[in-house]
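Engineer: Sharing a structure, written as structure tokens. Questions coming.
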Amino acid sequence: ANIQPPEKPLQAEEWNRLRESFQSPGIFEEVMFNSMVRCNSPIDVAKSLLTHVAKSNGDIAYNLLVKYLALCVQQGQTSEIRDVYDVMKNRFKILESGAYNLFIRGLSNSDQWRMALTLLEEVKKIMIPSRTNYESCIKAASRHQEMNLAFELYREMLAKDLVPTLDVLQAFFDFSRGMKGAELQKELFGILLYLRENRIYPHKTFMQSIKLWFESIPGENWRGHLTSIKGSGQCPVCNHQLEDSDLTEEEYNNLRERIISDVIHGTDTFRKTSPQEFEAFQRFVENRFPFDIVIDGLNVSHIKPRKMHCENLFDAVNCLAKDNARLLVLGRKHMLINSSNWKREIMKEMQNKADFFFADNISEDDAFLLYATLRSGKHCKFVTRDFLRDHKACLSDSLTRHLFRKWQHGHQIAFSPSVEGKRISFSPALCYDCVIQTTGDTWHIPYKDTFEEKYSYEVPRKWLCIQQK
């Protein structure tokens with residue numbers, strides 16, 4: 001139901017007439033308030049409806065007060081927000097999270113921002129505050145240059161396992177610009193290390209904030225330059241060699257054991273594959289490993305939509321089989337049935353160049369891919385367009401997740417977007433680790449052009465190099 005709010009305050013009888021002409025008078029006030037929020041109606045119009053409701057019913061229902069509050073917050077009407085708070089606290093002993101979110105957001109953006117901190121304490125007594133509650137208060141404290149308070153709230157938030165948005169992390173750098181202090185610097189370096197540990201890539205505007213903050217530190221003489229890193233992993237600006245993407249023997253063995261126990265023998269793998277099939281696959285690998293490259297056949301066969309599936313796979317196998325590499329292609333049983341997409345003679349020819357394992361048509365092949373690659377040893381690479389995001393989530397501790405991503409970036413061969421009609425081509429896996437890193441007097445920060453809520457497996461090629469001169 002949609003309804004156009006009036007442009008000016010109405011008298012009681014005018015509200016009554018409107019209500020009676022509305023098809024469901026029982027929900028008239030609710031629908032009207034929703035429209036007022038949507039149309040950003042003047043506060044006095046909303047207030048005249050509130051007064052009318054109070055006079056007719058003797059009081060105002062909780063949900064109508066919250067809707068009125070949303071309009072006040074939207075318009076930054078601080079004194080009204082305070083008044084609604086007093087009314088609600090008198091009438092209702094406990095408020096729910098929606099109302100607290102609005103109060104904290106509205107007050108933190110005003111000169112009464114310290115009251116938002118008081119409300120945050122109130123929330124803590126009855127529930128775990130939301131990420132938004134914390135971030136509103138953190139931004140308010142930063143905006144008023146109270147950085148110690150902001151960082152205290154940030155640490156509290158992390159301790160409650162709330163994941164900060166990039167937006168609030170950027171605010172720390174924006175509001176600390178030009179400020180002096182070893183403690184502050186340590187805290188901001190801590191945020192960069194948090195991004196490193198979680199392999200999060202800042203987007204362009206966040207990267208600019210980091211650059212400006214470094215360059216504004218009094219008396220430290222940092223200079224930032226945007227660059228792209230070549231295949232060798234050397235930074236063209238400072239000639240520094242980036243960290244190697246290779247894992248040590250010990251890291252590799254730990255990762256392999258953890259993936260095999262957590263991901264492959266964990267509960268989620270066998271949802272789509274039978275234990276018998278996976279055992280058959282393990283026997284197959286034991287008899288033929290080590291491989292040099294493991295290929296997700298079904299995934300690769302869809303790379304060029306206008307080509308036959310088996311031709312896409314054939315191109316990929318030919319391209320990767322150079323230098324006598326030992327290939328394992330993970331296929332599906334339906335590929336063996338002669339069809340318009342799977343030609344028997346092409347399949348036969350491919351099987352002379354690579355080992356094939358054909359799984360049941362419903363199998364989940366990420367687990368097969370990971371198992372064969374890790375079983376083959378540190379040198380083995382893999383090819384898929386998937387990001388293997390689910391498996392990272394199955395790993396139970398952050399160190400293993402970090403190693404998994406590092407291993408992935410150093411072992412996943414990506415498709416190069418090639419000119420239409422040309423054959424498939426691949427970009428080699430990176431020999432350097434694509435993650436924020438520092439040597440003390442340099443920082444290297446990989447960044448993405450745009451903000452992405454989801455991570456994609458394509459690692460950034462653009463970097464910010466910051467040096468202390």
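Engineer: Filter the range 328-337 for residues that are without any contact (Cβ under 8 Å) to a residue 24 or more places away in the chain and part of a helix (DSSP H, G or I) and give the result.
Structural biologist: Of all residues in the range 328-337, those without any contact (Cβ under 8 Å) to a residue 24 or more places away in the chain come to 336-337.
Within the range 328-337, just L336 meets the criteria.
Engineer: Also: Suppose we filter I303, I295 for residues that are open to solvent by less than 80 Å² (accessible area, probe 1.4 Å), within 26 Å of the chain's Cα centre (by Cα) and among the β-branched types (V, I, T); which single one remains?
Structural biologist: Values: I295 fails: within 26 Å of the chain's Cα centre (by Cα).
Of I303, I295, the one residue that is open to solvent by less than 80 Å² (accessible area, probe 1.4 Å), within 26 Å of the chain's Cα centre (by Cα) and among the β-branched types (V, I, T) is I303.
Engineer: Here's another thing I want to ask about it. Would you mind telling me which numbered condition in (1) at pLDDT 95 or above; (2) among the basic types (K, R); (3) open to solvent by less than 40 Å² (accessible area, probe 1.4 Å) K186 fails?
Structural biologist: All conditions pass for K186, except number (3).
Engineer: Restricting to the range 76-90, name every residue that is out of contact with any Phe, Trp or Tyr (no Cβ under 8 Å at 6 or more places or on another chain) and either assigned to a helix (DSSP H, G or I) or β-branched (V, I, T) (or both). Spell out how you get there, then give the answer.
Structural biologist: Step one: of the range 76-90, the residues out of contact with any Phe, Trp or Tyr (no Cβ under 8 Å at 6 or more places or on another chain) are 76-80, 82-83, 86-87, 89-90.
Of everything in the range 76-90, those that are out of contact with any Phe, Trp or Tyr (no Cβ under 8 Å at 6 or more places or on another chain) and either assigned to a helix (DSSP H, G or I) or β-branched (V, I, T) (or both) turn out to be T78, S79, E80, R82, D83, D86, V87, K89, N90.
Engineer: Out of the residues in the range 30-59 meeting the condition of being without any contact (Cβ under 8 Å) to a residue 24 or more places away in the chain and over 22 Å from N2 (Cβ atoms), tell me which one is least open to solvent (accessible area, probe 1.4 Å). Let's see the steps before the verdict.
Structural biologist: Taking the range 30-59 first, the residues without any contact (Cβ under 8 Å) to a residue 24 or more places away in the chain are 38, 50-51, 54, 57-58.
Remaining after also requiring over 22 Å from N2 (Cβ atoms): 51, 54, 57-58.
Values: T51: 66, A54: 36, N57: 106, G58: 66 Å².
Top of the filtered list is A54.
Engineer: Looking at A325, A321, can you tell me which residue is surrounded by fewer than 19 Cβ atoms within 10 Å (Cβ to Cβ), touching a residue at least 24 places away in the same chain (Cβ under 8 Å) and touching a Leu at 6+ places or on another chain (Cβ under 7 Å)?
Structural biologist: Numbers: A325 fails: touching a Leu at 6+ places or on another chain (Cβ under 7 Å).
Within the list A325, A321, the selection yields A321.
Engineer: Would a scan of the range 90-98 turn up a residue that is modelled with pLDDT of 95 or more and among the aliphatic types (A, V, I, L, M)?
Structural biologist: There is no residue in the range 90-98 that is modelled with pLDDT of 95 or more and among the aliphatic types (A, V, I, L, M).
Engineer: Let me ask something else. For the range 264-277, indicate whether the set of residues that are assigned to a helix (DSSP H, G or I), modelled with pLDDT of 85 or more and in contact with a helix residue (DSSP H, G or I) (Cβ under 7 Å, 6 or more places away or on another chain) is non-empty.
Structural biologist: No - not one qualifying residue is present in the range 264-277.
Engineer: Could you please find all residues in the range 451-469 being modelled with pLDDT of 85 or more, among the basic types (K, R) and either within 19 Å of H402 (Cα to Cα) or in a strand (DSSP E or B) (or both)?
Structural biologist: K462
Engineer: Which residue is farthest from S216 (Cα to Cα), if the candidates are limited to the range 137-165 and must be crowded, with 17+ Cβ neighbours inside 10 Å and within 20 Å of the chain's Cα centre (by Cα)?
Structural biologist: That would be L162.
Engineer: Consider D315 carefully, then state whether it is modelled with pLDDT of 90 or more, within 30 Å of K378 (Cα to Cα) and assigned to a helix (DSSP H, G or I).
Structural biologist: Answer is yes for this residue.
Engineer: In addition: Out of the residues in the range 74-102 that are closer than 24 Å to V45 by Cβ and among the basic types (K, R), state the one that is least open to solvent (accessible area, probe 1.4 Å).
Structural biologist: Ranking the candidates gives R82 first.
Engineer: Right, R105: open to solvent by 20 Å² or more (accessible area, probe 1.4 Å), in contact with a Ser or Thr (Cβ under 8 Å, 6 or more places away or on another chain) and closer than 25 Å to A61 by Cβ or not?
Structural biologist: Values: open to solvent by 20 Å² or more (accessible area, probe 1.4 Å): yes; in contact with a Ser or Thr (Cβ under 8 Å, 6 or more places away or on another chain): yes; closer than 25 Å to A61 by Cβ: yes.
It is true that R105 is open to solvent by 20 Å² or more (accessible area, probe 1.4 Å), in contact with a Ser or Thr (Cβ under 8 Å, 6 or more places away or on another chain) and closer than 25 Å to A61 by Cβ.
Engineer: Any residue in the range 226-255 that's in a helix (DSSP H, G or I): show its pairings with residues that are surrounded by 14 or more Cβ atoms within 10 Å (Cβ to Cβ) and not aromatic (F, W, Y) at Cβ separation under 6 Å, as long as the two are six or more apart or on different chains.
Structural biologist: From the range 226-255, the pairs are E251/L403; Y252/K378; L255/L403.
Engineer: Another one. Out of the range 49-66, which residues are closer than 15 Å to D83 by Cβ and either in a helix (DSSP H, G or I) or of a type outside the set (V, I, T) (or both)?
Structural biologist: First pass over the range 49-66, keeping only residues closer than 15 Å to D83 by Cβ: 50-51, 54, 60, 64-66.
Passing the criteria: L50, T51, A54, L64, L65, V66.
Engineer: What are the residue pairs meeting all of these: first residue in the range 261-283, first residue within 13 Å of F357 (Cβ to Cβ), second residue part of a helix (DSSP H, G or I) and at pLDDT 70 or above, Cβ atoms under 6 Å, and 6 or more apart or on different chains?
Structural biologist: Going by the 6 Å Cβ cut-off, the qualifying pairs are F281/F368.
Engineer: Looking at S340, is it of a type in the set (S, T, N, Q), in a loop (DSSP other than H, G, I, E, B) and surrounded by fewer than 16 Cβ atoms within 10 Å (Cβ to Cβ)? It would help to see each step written out before you state the result.
Structural biologist: On the way: of a type in the set (S, T, N, Q): yes; in a loop (DSSP other than H, G, I, E, B): yes; surrounded by fewer than 16 Cβ atoms within 10 Å (Cβ to Cβ): yes.
Considered against the rule, which asks whether it is of a type in the set (S, T, N, Q), in a loop (DSSP other than H, G, I, E, B) and surrounded by fewer than 16 Cβ atoms within 10 Å (Cβ to Cβ), S340 comes out as yes.
Engineer: Being touching a strand residue (DSSP E or B) at 6+ places or on another chain (Cβ under 8 Å) and more than 21 Å from Q408 (Cα to Cα) narrows it down to one of L327, L313, L298, so name that one. If you could, list the steps in order and put the result at the bottom.
Structural biologist: Values: L327 fails: more than 21 Å from Q408 (Cα to Cα); L298 fails: more than 21 Å from Q408 (Cα to Cα).
Sole residue among the options that is touching a strand residue (DSSP E or B) at 6+ places or on another chain (Cβ under 8 Å) and more than 21 Å from Q408 (Cα to Cα): L313.
Engineer: Among the numbered conditions (1) farther than 26 Å from N101 by Cβ; (2) not in a helix (DSSP H, G or I), tell me where S41 comes up short.
Structural biologist: (1)
Engineer: If you go through the range 189-221, how many residues are in a helix (DSSP H, G or I), in contact with a Lys or Arg (Cβ under 9 Å, 6 or more places away or on another chain), open to solvent by 20 Å² or more (accessible area, probe 1.4 Å) and hydroxyl-bearing (S, T, Y)?
Structural biologist: Counting residues in the range 189-221 that are in a helix (DSSP H, G or I), in contact with a Lys or Arg (Cβ under 9 Å, 6 or more places away or on another chain), open to solvent by 20 Å² or more (accessible area, probe 1.4 Å) and hydroxyl-bearing (S, T, Y) gives 1.
Engineer: Any residue at all in the range 1-14 that's surrounded by 15 or more Cβ atoms within 10 Å (Cβ to Cβ), part of a helix (DSSP H, G or I), on the phi < 0 side of the Ramachandran plot and touching a residue at least 24 places away in the same chain (Cβ under 8 Å)?
Structural biologist: no
The values are calculated or read from the model by the stated rules, or taken from the named source; none is laboratory data. What you see is a predicted model; the values in this text were computed from it and never measured. With ideal geometry, Cβ positions are generated from the backbone for all residues, glycine too; neighbour counts draw on all protein chains shown. Note: areas computed on protein heavy atoms with side chains; ligands, DNA, RNA excluded. Shrake-Rupley method; radii C 1.70, N 1.55, O 1.52, S 1.80 Å.
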